[in-house]
Structure formats: C-alpha cells, structure tokens
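The structure appears below as structure tokens.
Read the figures in this text as sums done on the coordinates, not as results from a lab. Nothing here was measured: the structure is a model prediction, and the numbers come from that model. Every residue, glycine among them, receives a Cβ derived from its backbone with ideal geometry; neighbour counts consider all protein chains shown.
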C-alpha cells in the first residue's frame, strides 16, 4: 500500500512538473515566455503597431518556427491558431515591405493553409505588380525628362505618384520639370 | 452740249469723291497700323519683362546652386544647376555665355558625390559592426536613393540584424534567469545598439535595471 501511494505521489508530482514547466520557470525568473511575446505581438497588431509586432514575432520564430493549429503553450493550454509567419507577412504588408510580406506568407501557406493567409498573399501580389507598373512609369518619365519632353515627363511621374504616393524621386522630377518649364515658357514668349 | 457738260461734271465729281474716299481709307489704315504698332510695342515690352523675369529666375537658381555647392550640399546643388542648364539651353547664346560654367559645376558636384558614396560603401563593406554598416549604407542612400547595390546590402544587413538581435535577446534572457543581471543588461544594451526601437528589449532592460537598483540598495 505504501509502495502504491508513493508511486501515485511520484506520478502526480511528475505530471504537475511536466504540465506547468514554463510557469514555474516564469515564477522563478519573473520573465516572459515565447507565447507571451506572441500574445503581445497580437495585441500590437490589433492597434497597428506593426514594427513592434514584427520585432516580437521574430523573437517568437527563434523558439517556434512552424505555423500550426493547437500549439501547446504550457500544461494543457494551447493557441488555437499559432501563425507567426502569417502575422509577420501581414505586418510587413502594412509597412509596405511587400517582398518580406510575400516571403513570410509563402512560408505560412506551405505550413498551414488559411483563408486570411491566401487573401493577404493575393493583396501582396497586387501591390508588387503595382510596384512594377510604378517603376515602368518612372523609367518612362525619366526618359521623357532626358529628351526634354517635360509635360510628358510630369504626366508619367504623376502616374507613379498615383500608384506610390511616397515615391520621393518622382516628386523631385516633377519639381525640376516644372521649374524648367516655367523658365522655358517665359523665354518662349520673347521668341 | 448741255448733256455732255453735265456728264463731264458728274465724272469730275466722282473722281474727286474717289480721291477723297481713298484718302479717308488711307488715313484709317494708317491709324490702324499705328495702333497695331503701338500694341506690338506694348506686347514686346511685356515679352522683355517676361524674359527678364526668366533671366532673373535662372540667376536666382544659379546663385542658390552656388550657395549649396559651397556649403557642401552637392545633391541639392546639382538639382539647382540642372534647372539652370536646361533653362539656358532654351534661352539662347546670351545666357549660355553667362552661365556656361554651370555644366562644370554639375560635373564637380557629381564627382564629389560619387566620392562620398564610394566612401560610405567602402566603409560599409569593410566594417564588421552591423550598426556601423547600416549607418554607412543609409548615408549612401541618403545621397542617392536609387543605389541598387546599397539597397540590397541594406536589406541583407537588416535581416542579419534581426537574427543577431533575437540571439542577443535570448542570451540576455538566459543571463537574467541565472540572476546575472549585469551581463543581461550589457547584452540587451548591445542589442539596442543594433535596434534602438525594440520595445520588448527596452521593456526587459528597464525591468532588469530596476531589479538591479533594488538589489544594490
């Protein structure tokens, strides 16, 4: 009987240790765990703090690389949909870093197919196509500028800005072309 | 006879009337041409004004360019000089003579910028410190945002930094867990040098520092 009870006690103790290992570590160190960093990242995403979410998710990826369903955190606790790669893709999409966004969304979709992952990858691909178009317009605009066709150059650069309003080089070309046109027009009247 | 005389008289009158009419028309014509000439003079004086304004604008842009060139802001100086160069090409020989040196200044400024960019890129390539590499690459891209080589290097370095920061973070966590607060703080500070805005590390560093303060009291 004594033997049996000691076995039961040993089993209970070992189970409780295996079930709550991270909690014990947290209590000992007062430190955050990977899943807490993950939860924090999700909170950052909710309020649009994309860069902070990215930083956290990269930390999570050091410990847990795979997107999956029911990722165990501690004891019998699970994260229903654990998707650090998808979330990284979403964050990079929001800060307009579409190449990185595509990279992580593709990793996500290889590991764990979700509708939102697919939806975001489509969005990213559209943005990347737009970027190609913006670059095409920019090259045309620059070529017109070199040929001194300023009106056409401005038109092309404005197309660039319609697609990518943050394209500062295009803005500079418009400014330069407008200044030259102003001088040119005044001189033209004299001729 | 009387009829003949009457016809002659009518003819004479019509001839006189014709001359009178012609004269009147001619006067009108002359008046019109004088008015037109006057208008022309007004218009051309306006044109001259515009031309002067254009010339002034070129001069002003050129001076701005020179000011920027002398203060070492070659990038902006080139922008100004390019406007002047294109402007004088439209203006003709007079302004070309006066501001012809602008092309030399563009060449000089481009050379200086090229040297600066090469300097930053060399430093970035030679350095082993990731934060220094980023700083040099950003300086090069600040001069020319279209530098493909620098852009690619920057992306690669940023990825390396992310990797390094994560490593340092968990290294710091291990030290912290082992109650080696000094070491943890040192490691996290190193991580923050690479990524100064890392919220998680900032938070943990603050926690470690306050814990250390409490222990030292």
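Per residue of B:81-90, what is the mean number of Cβ atoms on other protein chains within 10 angstrom of that residue's Cβ?
Per residue, the average neighbour count from other chains is 5.
Averaged over A:52-59, how many beta carbons belonging to a partner chain fall within 10 Å of each residue's beta carbon?
5
Assuming 0.890 mPa s and 25 °C, estimate D for the range A:30-105 with Stokes-Einstein, Rh taken as the Kirkwood radius over Cα pairs, in µm²/s.
The estimated diffusion coefficient comes to 197 µm²/s.
Just checking the output field for A:175-184: average partner chain Cβ neighbours within 10 Å of each residue's Cβ?
That works out to 6 on average.
Percent relative contact order of the range A:36-191, based on C-alpha pairs within less than 8 angstrom and at least six residues apart?
Relative contact order, the range A:36-191: 13 percent.
As a footprinting exposure proxy, order A:95, B:88 by other Cβ within 10 Å, with the fewest listed first.
Neighbour counts put them in this order, fewest first: A:95, B:88.
Kindly put B:9, B:170 in sequence by how many other C-beta atoms sit within 10 Å of each C-beta, fewest to most.
So the ranking, lowest neighbour count to highest, is B:9, B:170.
Taking the number of other C-beta atoms within 10 Å as the exposure measure, put B:188, A:34 in order starting with the fewest.
The order, fewest Cβ neighbours first, is A:34, B:188.
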